[in-house]
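Okay, so here's the structure we're looking at.
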Amino acid sequence: MSTPLAWPSGTALKHFSEIDSTNEEARRLAVAGERGPVWIAADRQTAGRGRRGRVWESPAGNLSASLLIAPNKPANECAQLSFVAAIAAADAASSFAPAAEIKVKWPNDVLADGKKLAGILLESASGADGALTYLAVGIGMNLAHFPPDTEFPATSLTALGIPAPLQREALIQLAAHFAKWYDVWMTNGFSPIHDAWLARAAGLGTRIRARLTNEETSGVFEGIDQTGALILREAQGRTRTISSGEVFF
Ligand code: BT5
């Protein structure tokens, strides 16, 4: 398949040189009635966020962007879009770093040569009927810089020896790949996304450590189920599915 380079038709773009968080801007736009699709990109974020209130370092030179959409699907199905985003970000990264080993790490990070290159944060709000009023798919990719002191080691395209693409070029790749995989998901559901994600999964079949809310466990990473939960074979062959947590190899 040739690399899609075109900006997805019908999708708007809002660019900021500096913003608190592109996910926060998506929320503000949604509150004001905007339903997208619109990509919100910033050269740098002053309050970039990760999951569970963690900080996402977003200096100028990296890619910080969020897609605001309102898929007409239930919230639990929309959560699958974090896997769509991970595959899209991995494909975009591969287009710039064809020689690097680009993998996805559960639940939705992108690794380059075993280190974190990109992170994904989905945020949404639902109406009284339970349907999503908006979804923000936030993606940060380390084009030029990475923080040196993270719990899980990080990297950037520059650190891999690749001249960092301009943020605009990286965003076009990301938006194009996301649109391609979003269409696959809309048309055929999660199954092809599940397969595409597993084909890129880091640590599959190896022993991993999983940190859950109140405990840590370890076992063999056997795959993900049809909801995206991680399947872990613990000692004594007991299989467990984990729907949220952190994993370490
Ligand atoms: C994530 O969280 O990986 C989700 C990151 C999402 C960022 C995008 S940027 C556009 C949009 N707007 C936002 O405000 N956010 C989204 P998590 O898995 O919780 O990882 C956070 C952890 O990764 C931190 O606690 C650090 O240890 C580490 N970290 C922080 N900045 C990093 C970076 N630039 N590269 C690699 N690791 C980083």
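The numbers here are math on the coordinates, done by the rules we state, and not lab data. As the structure is a prediction and not an experimental result, all values here were calculated from the model. FYI the Cβ positions are ideal-geometry reconstructions off the backbone, even for glycines, and counts take in every protein chain you see.
Yes or no: Arg49 surrounded by fewer than 19 Cβ atoms within 10 Å (Cβ to Cβ) and either within 16 Å of the chain's Cα centre (by Cα) or of a type in the set (Lys, Arg) (or both)?
Answer is no for this residue.
Only one of Leu232, Leu174, Leu166 is of a type in the set (A, V, I, L, M, F, W, C) and within 16 Å of the ligand (Cβ to nearest atom). Can you tell me which?
Checking each option against the conditions leaves just Leu174.
If you go through the stretch 226-242, how many residues are surrounded by 13 or more Cβ atoms within 10 Å (Cβ to Cβ) and assigned to a loop (DSSP other than H, G, I, E, B)?
Counting residues in the stretch 226-242 that are surrounded by 13 or more Cβ atoms within 10 Å (Cβ to Cβ) and assigned to a loop (DSSP other than H, G, I, E, B) gives 4.
How about the stretch 113-131: which of its residues are within 11 Å of the ligand (Cβ to nearest atom) and within 15 Å of Ser156 (Cβ to Cβ)?
Those that are within 11 Å of the ligand (Cβ to nearest atom) and within 15 Å of Ser156 (Cβ to Cβ): Lys115, Lys116, Leu117, Ala118, Gly119.
Would you mind listing the strands (runs of 3 or more DSSP E) fully within the stretch 1-100 where at least 3 residues are within 13 Å of the ligand (Cβ to nearest atom) and closer than 30 Å to Thr213 by Cα?
Output list reads 63-69.
State the number of residues belonging to the stretch 119-136 that are in contact (Cβ under 8 Å) with a residue 12 or more places away in the chain and either exposed (fewer than 14 other Cβ atoms within 10 Å of the Cβ) or of a type in the set (S, T, N, Q) (or both).
From the stretch 119-136, those in contact (Cβ under 8 Å) with a residue 12 or more places away in the chain are 119-126, 130-136; that's our starting set.
Those still in the list that are either exposed (fewer than 14 other Cβ atoms within 10 Å of the Cβ) or of a type in the set (S, T, N, Q) (or both) too: 124-126, 130, 133.
Counting residues in the stretch 119-136 that are in contact (Cβ under 8 Å) with a residue 12 or more places away in the chain and either exposed (fewer than 14 other Cβ atoms within 10 Å of the Cβ) or of a type in the set (S, T, N, Q) (or both) gives 5.
Limited to the stretch 132-163, what total is found for residues that are near the ligand (Cβ under 7 Å from one of its atoms) and either part of a strand (DSSP E or B) or within 30 Å of Ala32 (Cβ to Cβ) (or both)?
4
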